[in-house]
Amino acid sequence: MDKLLKAGLQPSILGHISNIRRRTKQLLLLLVLLFLAFAGANPQWGNKKAKVMAKSADIFLLLDISQSMMAQDISPNRLERAKRFAENLVNGLRGNRIGLVLFAGEAYLQMPLTSDYAATSLFLRTANTDLAGTQGTVIGEAIELANKAYEEDNNHHKMMIIISDGEDHDENALAKAEDVYDEGVVVYTIGVGTPEGDFIPYTNANGASDFKRDDSGKLIKSQFNEELLVNVADEGGGKYYPLLAGQQIIDDLEIELEKLDKREIEQKSFTDYASYFQYFLFAAIILLIIEFLLPERKTKA
């Protein structure tokens, strides 16, 4: 071969090869592989929508994100356990519209009522104490905010689920729970913490881990106020549950939901799906034929 490709013959042989056509053939082969991959994945789209009538309730989750929720009397801490439980609760309550209110020293409408459970779970996972502009625990304000977020003509099938350690700095919690119950909202509470309580970890100005202290330097211990949460549920016509009851809470809340006067809503969903792999396969075959027929040599003038 080396003898054939002498300096005088090499330009005459390779000179007939078109670099543009060679690259075009390579690109075509790459597209063939891409379309074959799509065909192998068997893409499907729904092509028929059906209207389905379903009964639904409107549920607001009220999650406490105050500093006291960082106490570690429940591992890894109160807030993380509350968030994990809330995500499981959202999955257990699918079929209903769910909204989210976060509260500490103030209450924040994080998500209005929606059937987008993935988005609700995402907001729950990202909830943290830094989202609160002021610290404290205003359960009453959170109840009032959630109640305002309901539709005005919605007088039934409404539920609030408060997840908190009960360290309340708002004296209106019981009154607000009673008020919304009179308007058709049933209030349930879930207590996060242990009777022993725990100190509240935080990072000080120097970046070192420490525990919250009062003005005299004494460690502040967060006390779990179960009594308040029980009373709020009583005034709101619902029930109180300790978080450690886990799945039993979700099972019981599903039963409680059946007692509500639910409304019928129209839901649209795809009921028939068609496969479209053949289009990608056909495109791959056409491109392969073009690549095969396209010569690498230059066209003679």
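Some points to look at:
- Hey, residue 173 over 22 Å from the mean Cα position of the chain (by Cα) and touching a residue at least 40 places away in the same chain (Cβ under 8 Å) or not: yes
- Entry remark, segment 225-250: residues being in contact (Cβ under 8 Å) with a residue 24 or more places away in the chain and under 27 Å from the mean Cα position of the chain (by Cα) number 13 in total.
- Within segment 54-76, being in contact (Cβ under 8 Å) with a residue 40 or more places away in the chain and among the polar types (S, T, N, Q) holds for 56, 66, 67, 68, 72.
- Residue selected from segment 173-203 under the condition of a type in the set (S, T, N, Q) and touching a strand residue (DSSP E or B) at 6+ places or on another chain (Cβ under 7 Å), by the criterion most open to solvent (accessible area, probe 1.4 Å): 203
- Among the residues examined, residue 264 does not qualify as among the charged types (D, E, K, R), closer than 27 Å to residue 224 by Cβ, under 30 Å from the mean Cα position of the chain (by Cα) and modelled with pLDDT under 95.
Let's see how each residue does on (1) touching a residue at least 60 places away in the same chain (Cβ under 8 Å); (2) farther than 18 Å from residue 74 by Cα; (3) touching a Ser or Thr at 6+ places or on another chain (Cβ under 6 Å):
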{"site": "150", "(1), (2), (3)": "yes, yes, no"}
{"site": "167", "(1), (2), (3)": "yes, no, yes"}
{"site": "190", "(1), (2), (3)": "yes, no, no"}
{"site": "201", "(1), (2), (3)": "yes, no, no"}
{"site": "212", "(1), (2), (3)": "yes, no, no"}
{"site": "215", "(1), (2), (3)": "no, yes, no"}
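- Residue match in segment 151-167 (condition: in contact with a Phe, Trp or Tyr (Cβ under 9 Å, 6 or more places away or on another chain), modelled with pLDDT under 90 and open to solvent by 10 Å² or more (accessible area, probe 1.4 Å)): yes
- Considering segment 276-293, the residues that are outside any loop (DSSP other than H, G, I, E, B) and farther than 26 Å from residue 21 by Cβ include one that is most open to solvent (accessible area, probe 1.4 Å), namely 279.
- Within segment 204-220, the set of residues being open to solvent by 90 Å² or more (accessible area, probe 1.4 Å) and closer than 27 Å to residue 163 by Cα comprises 209, 213.
- Of all the listed residues (98, 143), the sole one being assigned to a helix (DSSP H, G or I) and more than 19 Å from residue 224 (Cα to Cα) is 143.
- For segment 25-34, the set of residues classified as over 33 Å from the mean Cα position of the chain (by Cα) and open to solvent by 50 Å² or more (accessible area, probe 1.4 Å) consists of 26, 27, 29, 30, 31, 33, listed by residue number.
The values are calculated or read from the model by the stated rules, or taken from the named source; none is laboratory data. The structure displayed is predicted, hence computed values, not measured ones. Glycine also receives a Cβ, built like all others from the backbone with ideal geometry; neighbour counts cover every protein chain displayed. These area figures cover heavy atoms from the full protein model, side chains too; ligands, DNA and RNA do not enter into them. Shrake-Rupley method; radii C 1.70, N 1.55, O 1.52, S 1.80 Å.
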